[in-house]
């Protein structure tokens, strides 16, 4: 399938590491005149990304800061395609969950998505261009995971918010969908799930018997960004090897 982002400007949040970083690199190579804008709160990560892929534009902002984020996103407009990838995870048991964990997680995983989407979607609407927004959710939005009270809550919120975005932005030809991965073997994912005692119970619930590789997630994101998915709007796509099917 030939997917072309020629002439498009694509914003990816949480682009300093993991899925976001690799997505930026792949997108930057996808078409001669595509422009990828990578947003991260860590300048050092952006600097190393720029060194690896010099044609990527970078912008540093703390997504937990509403006004700072808004100004940063406004500074890189226009944007045609958006991936809200940034997220934090604070894992605590129900009876030990702190207000700080709730506030910080919802601030980044939920509130910042609204903030970035407002700026980008308003610009798309004003320019009367078709757009696509992909929000990175998780299998944790639809399945209870031990010690993931707040994380599950933020991703559940993100799923339904994405459907509302699809409903309200669809009339302007702006689509919004989510991808919902299982454990993804980024560098941090490999480190965090290298212990067989920890990984075993999760793997036993995945019919394909493995965790997701980064490329498994990138393929779905790129498809949803492209015009090959022009009639797909308001869906959640599990990338979980069948975890949610069981």
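Each value in this text was obtained by applying a stated rule to the coordinates, not by laboratory testing. Every value quoted in this text rests on a predicted model; they were computed, and no experiment measured them. Cβ atoms come from the backbone with ideal geometry, glycine included; neighbour counts cover every protein chain shown.
Some observations on this one:
- Any hit, segment 18-36, residues being at positive phi, in contact (Cβ under 8 Å) with a residue 12 or more places away in the chain and touching a strand residue (DSSP E or B) at 6+ places or on another chain (Cβ under 9 Å): yes
- Here residue 114 meets each of (1) in contact with a helix residue (DSSP H, G or I) (Cβ under 8 Å, 6 or more places away or on another chain); (2) more than 26 Å from residue 46 (Cα to Cα); (3) not in a loop (DSSP other than H, G, I, E, B) with one exception, condition (2).
- Looking across 210, 190, one residue alone is in a helix (DSSP H, G or I) and over 30 Å from residue 31 (Cα atoms). It is 190.
- Count - residues of segment 190-246 that are on the phi < 0 side of the Ramachandran plot and under 20 Å from the mean Cα position of the chain (by Cα): 32
- Hits in segment 62-100 (condition: touching a residue at least 24 places away in the same chain (Cβ under 8 Å), touching a strand residue (DSSP E or B) at 6+ places or on another chain (Cβ under 9 Å) and assigned to a loop (DSSP other than H, G, I, E, B)): 63, 76, 77, 78, 79, 80, 85, 86, 87, 89, 91
- Scan of segment 143-166 for residues that are assigned to a loop (DSSP other than H, G, I, E, B) and out of contact with any strand residue (DSSP E or B) (no Cβ under 7 Å at 6 or more places or on another chain), ordered by number: 143, 144, 145, 146
- Exactly one residue out of 159, 187 is surrounded by 12 or more Cβ atoms within 10 Å (Cβ to Cβ) and in contact (Cβ under 8 Å) with a residue 12 or more places away in the chain: that is 159.
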